Amino acid sequence: DLAVIRDRLGVLQKALPQASIHFAMKANSHPEILTLFQKNSLGIDVVSGGEIKTALAAGFTPDKIIFSVVGITIDELKLAIQLKIKQINVESPQELERIASLSTPQNTVSVAFRMNPDVDANTHPYITTGFRENKFGMDPSFIPELKKILKNNPHVKLKGLTLHIGSQIMDSAPIESAIAKTIPIYNDFLCDGHSLETFDIGGGIGIDYENIDLDAENKFIGQYGANISKLLGPLKCEILCEPGRVLVARA
């Protein structure tokens, strides 16, 4: 039901009017859904080379594509770099080294560092990703190594920072805490001379599978957007978000 998706998209756009929304394709890659989002000027969040090709086929331009993936392959990296996509969300210093090895003066690469803020997303333990013991993202101890790699590889540009603390999130407090803990890291990179432009809050907003209360869900989305806008407004950066389930599950 595309009308349901349109309505929910309108709620999210109203809640985060200054954000660039990138639909998480892994939630549903049906061509009609992708076309709807493309025609509504959304970007796309992909997790594989195959999804990059699917996004292009649906009409998304490379500057609308964010690549978020663990264990990215060399071929996928080459594809993303050649296309000059919006940004690659980097999970580790090893991935950054791999990206740097493929960068050239003709093929500069925009990256964002996925930080692990060590917060509890208050969701199912199998789909939480923001604890320090989770395998996803990097804590502040990684920063000196990341800065060293950037210094030695001028064709890799740090564009921003990104977070994703889990899925099926029904409480905005954890993501607010994660953002608050990451803002000082963002400012540290700015002070170090990096021209950061984006702060990616990830996705993960859930729906209530026990009740069908659209008004309550929409109210939560509105409060979520207001709280995040208040936190990130002073940075004067481009806010990126990557919703998936919350846009399509009710449809």
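The values are calculated or read from the model by the stated rules, or taken from the named source; none is laboratory data. The structure presented is a predicted model; accordingly, all values stated were derived computationally and were not measured. Because the Cβ atoms are built from the backbone with ideal geometry, glycine has one as well, and the counts that use them run over all protein chains shown. The protein model used for the area step is the full one, side chains on, heavy atoms only, and it has no ligands, DNA or RNA in it. Shrake-Rupley method; radii C 1.70, N 1.55, O 1.52, S 1.80 Å.
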Over the heavy atoms of I81, what accessible area does a 1.4 Å probe trace out, to the nearest 10 Å²? 10 Å²
If exposed means no more than 11 neighbouring beta carbons inside 10 Å and the site is in a DSSP loop, what's the longest run of the chain without any exposed trypsin sites (Lys or Arg not before Pro)? 1-131
For segment 209-251, with all protein chains present and a 1.4 Å probe, just round the carbon and sulfur fraction of the accessible area to a whole percent. 52 percent
Measuring with a 1.4 Å probe in the full set of protein chains, what accessible area per residue, in whole Å², belongs to the chain? 46 Å²
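Using the C-alpha atoms of segment 133-251, what convex hull volume per residue, in cubic angstrom, is computed?
124 Å³
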Extension gain Q18-E210, at 0.36 nm per residue separation less the Cα-Cα distance, in nm? 66.0 nm
At 1.4 Å probe size, put F23, F142 in order of accessible surface, largest to smallest. F142, F23
Take the Cα coordinates of segment 1-115, assign each an equal point scatterer, and use the Debye formula without solvent to give log10 I(q)/I(0) at q = 0.09, 0.12, 0.13 Å⁻¹. -0.25, -0.44, -0.51
What is the distance in Å between the Cα centres of segment 25-59 and segment 174-251? 20 Å
Rg to Rh quotient for the chain, alpha carbon positions, Kirkwood Rh: 0.95
When Lys and Arg each count +1 and Asp and Glu each count -1, what net charge do the other residues less than 9 Å away from F23, Cβ to Cβ, add up to? -2
Spin-label proximity, K151 to segment 70-106 - amide N less than 12 Å from point 7 Å beyond Cα toward beta carbon: none
Computed, not fitted: 222 nm per-residue ellipticity of the chain from DSSP H runs ≥ 4 (each -39500 (n - 2.57)), nearest 500, equal to -12500 deg cm²/dmol
Roughly speaking, what is the stretch gain from R250 to S229, that is 0.36 nm per residue apart minus the C-alpha to C-alpha distance, in nm to one decimal? 5.0 nm
Other-chain or far-sequence residues with amide H under 5 Å of G43's (modelled H): I21, H22, F23
If each of S195 and E97 carries a label point 7 Å out from its Cα toward its Cβ, how far apart are those two points in nm? 2.9 nm
